[in-house]
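As structure tokens, the structure follows; a few thoughts come after it.
The values are calculated or read from the model by the stated rules, or taken from the named source; none is laboratory data. Remember, predicted model here, so these are calculated numbers, not experimental data. Every residue, glycine as well, gets a Cβ built from its backbone with ideal geometry; the counts of neighbours run over all protein chains shown. Surface accessibility is based on the protein's heavy atoms, side chains included, excluding ligands, DNA and RNA. Shrake-Rupley method; radii C 1.70, N 1.55, O 1.52, S 1.80 Å.
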Amino acid sequence: MAEMDTSSGGGHKKGPGVKKPTKKSTRVDLTPMVDLGFLLITFFVFTTTMQQPTAMKMAVPKDNQDNKTEVKQSGAMTILLGKGDQVYYYYGQLTNPTEQFKATNFTKIRAEILNKKKSTPPGDLMIVIKPNEDATFKNVVDIFDEMTINDVKGGHFALDKITPDENKLVHVTEQSNGIK
């Protein structure tokens, strides 16, 4: 408990022979303050709401071959992920690999996505992401981040399996570029 005694012991006498009263020190008991601190910490811990986890919305193609999503070739862009943080892409359907198939990296793919988004009507845009067996999970997350950064809405990009022809093309390009 807090105690404070400032009494001088009676009337105020002045003069020679009168002793000055000794001042007593102030003593403050901090035990209730510690209790109050722990009560406040406990209150805030129990009443604070944690941040809710957010998940990225993504359209995943159906395995049902009868229920395919039709996409205009003019609005399609396919991004293939390989090893060594390499990114490969082509527009539309891959008919002429030597002219259509291009290699880049994560720093330059943003410009390609933005160019495709600007040159395509909003309803026609569809970006298909296909990682191969050498792509890392970080690469997949990074390309999804690029979709978010470039404001590609959910439903306009999807994750799909890479075809054997595309996979072979990625491996040949990696070998010719010296990526190990």
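Observations on the structure shown:
- Site pair K161 and L36 shows an inter-label distance of 6.7 nm when each label is modelled 7 Å from Cα along Cα→Cβ.
- Protection proxy ranking, highest mean first, for peptides 77-83, 42-48: 77-83, 42-48, where packing is the per-residue count of other beta-carbon atoms within 10 Å, averaged.
- Accessible-area value, L36, 1.4 Å probe, nucleic acids and ligands omitted, Å²: 90
- Segments 23-30, 132-139 sorted - mean Cβ within 10 Å per residue, highest first: 132-139, 23-30
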